[in-house]
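The structure appears below as structure tokens.
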Amino acid sequence: METVWSLVIDVIVTGGIGFALWAADRRHGKYGIMLPVALGVVVACLAWIVVVAAGTGYLTGLIWMPWVVPMALGLVVSFAVTKLIERRREKRDVADLTRLLKG
């Protein structure tokens, strides 16, 4: 039962981090609000499955892994993909606007 709570906490914290990343980004209009949240939660869930399947949730000295590793990976992926998509969409929007203005 303890490992299930670690998944619940991981999802809640990672989702909150995704919302905070979106809110803190001054150019968050370039992508949807659910992008960083969904990516972070999906990666956190997959990482939790791998970590728990490896048995680290029951080994002395490694009990912290199902709690910390998924949250850290979710944060990193949310931040990295958000920045990557933001730059690509901004370049595409500028190119589309330039093409429209040139006629």
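The values are calculated or read from the model by the stated rules, or taken from the named source; none is laboratory data. Please read all numbers here as calculations on a predicted model, not as lab measurements. Backbone-built Cβ (ideal geometry, glycine too); neighbour counts: all protein chains shown. Calculation scope for accessible area: heavy atoms of the full protein, side chains included, ligands and nucleic acids excluded. Shrake-Rupley method; radii C 1.70, N 1.55, O 1.52, S 1.80 Å.
What does the extension gain come out to for Val50 and Glu90, with contour length at 0.36 nm per residue minus their alpha carbon separation?
10.9 nm
Sort Leu100, Leu84 from largest to smallest accessible area, using a 1.4 Å probe on the heavy atoms of the protein chains.
On the way: Leu100 125, Leu84 90 Å².
Of Leu100, Leu84, the descending order of accessible area is Leu100, Leu84.
Kindly express, to the nearest 10 degrees and within the range 0 to 90, the angle between helix 2-24's C-alpha long axis and the longest C-alpha principal axis of the chain.
For helix 2-24, the angle is close to 20 degrees.
Between Val68 and Asp25, take the C-beta separation as r, use R0 = 25 Å, and let me know the FRET efficiency to the nearest 0.05.
Once rounded, the FRET efficiency stands at 0.55.
Percent relative contact order of the chain, based on C-alpha pairs within less than 8 angstrom and at least six residues apart?
34 percent
Angle check, please: helix 65-102 long axis (alpha carbons) against the longest principal axis of the chain (alpha carbons), in degrees 0 to 90, nearest 10.
10 degrees
Only loop residues by DSSP count here, and only those with at most 14 other Cβ atoms within 10 Å; note down the chymotrypsin sites (Phe, Trp or Tyr not before Pro) in segment 60-93 that meet that.
Those satisfying the criteria are Trp64.
How many Å² of accessible area per residue for the chain, probe 1.4 Å?
Values: 6630 Å² over 103 residues.
Computed with neighbouring chains in place, this is 64 Å² per residue.
Would you mind computing the Rg to Rh ratio of the chain from its alpha-carbon coordinates, Kirkwood style for Rh?
Using only Cα positions, Rg/Rh for the chain is 1.19.
Short version: ³J(HN,Hα) in whole Hz for each residue of segment 40-45, in order, from phi by Karplus 6.51 cos²θ - 1.76 cosθ + 1.60 (θ = phi - 60°), x for Gly and Pro, what are they?
x, 5, 4, 5, 5, 5
When the Cα centres of segment 16-43 and segment 59-94 are compared, how far apart do they sit, in Å?
Each part's Cα centre sits 10 Å from the other's.
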